[in-house]
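Reading through the structure tokens given below for one structure.
The values are calculated or read from the model by the stated rules, or taken from the named source; none is laboratory data. All of these numbers come straight from a predicted model, not from anything done at the bench. Quick reminder, even Gly has a Cβ in these numbers, built from the backbone with ideal geometry, and neighbours come from all protein chains shown.
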Amino acid sequence: MNNKNKLALSLNFFLILIFVSCITTKEPQTTLPNKIAPNNSRISGTIVSVGMIDETSGPCAEHPCLAEVKINNVIGTGFGFKTPLIKGNIIKIKFEFTLSETSKELFPNLNKSFPRLKVGDKFIGDVERVELIKLSKNNTNYEYIIFNYNIID
């Protein structure tokens, strides 16, 4: 094998190596901020069930805001998030802007709109842990809240 053939073979090998290293798994498209807030954990999850919260006023009095969510993956965690979430667990999460499609009538000052979430939908969202305060036996228990999410395929 002469030097020209060795050079051509090396160049082909190098180009194949570069091509293979550039292939990555497709990341879901998201409009979430790049940095995760200190008291948040970014998850991908699946809606397992949807329910109402016992509230007398506000959007959650008329629209479902509570969901049981299966954690498909923990993408990242802010440094202040004290209780780690575990892949495969199912947790209750309150969706602050409801699980219904957002509208200007419900949230006139909200700049971002959110699509409806239903059982089986997958999403990426930033979960914030809230302290449970049980004021009465009728309160709905949840420990987590989401303000921002994106549906994924």
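General remarks:
- Taken together, 21, 57 contain a single residue that is within 25 Å of residue 118 (Cα to Cα) and modelled with pLDDT under 95, which is 57.
Yes or no, residue by residue, for (1) of a type in the set (A, V, I, L, M); (2) crowded, with 16+ Cβ neighbours inside 10 Å; (3) more than 11 Å from the chain's Cα centre (by Cα); (4) over 16 Å from residue 100 (Cα atoms):
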position	(1), (2), (3), (4)
33	no, no, yes, yes
54	no, no, yes, yes
59	no, yes, yes, no
66	yes, yes, yes, no
71	yes, yes, no, yes
74	yes, yes, no, yes
82	no, no, yes, yes
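- Checked against the criteria, residue 152 does not count as under 17 Å from the mean Cα position of the chain (by Cα) and at pLDDT 95 or above.
- Count of the stretch 94-113 residues which are in contact with an Asp or Glu (Cβ under 8 Å, 6 or more places away or on another chain) and closer than 17 Å to residue 40 by Cβ: 0
- For the stretch 77-87, the set of residues classified as part of a loop (DSSP other than H, G, I, E, B) and modelled with pLDDT of 90 or more consists of 78, 85, 86, 87, listed by residue number.
- Residue that is closer than 14 Å to residue 149 by Cα, modelled with pLDDT under 95 and not polar (S, T, N, Q), where the choices are 92, 112: 112
- Pairs meeting the criteria (first residue in the stretch 88-107 and buried (at least 20 other Cβ atoms within 10 Å of the Cβ) and assigned to a loop (DSSP other than H, G, I, E, B), second residue of a type in the set (Asp, Glu) and at pLDDT below 95, beta carbons under 7 Å, at least 6 apart or on different chains) are lacking.
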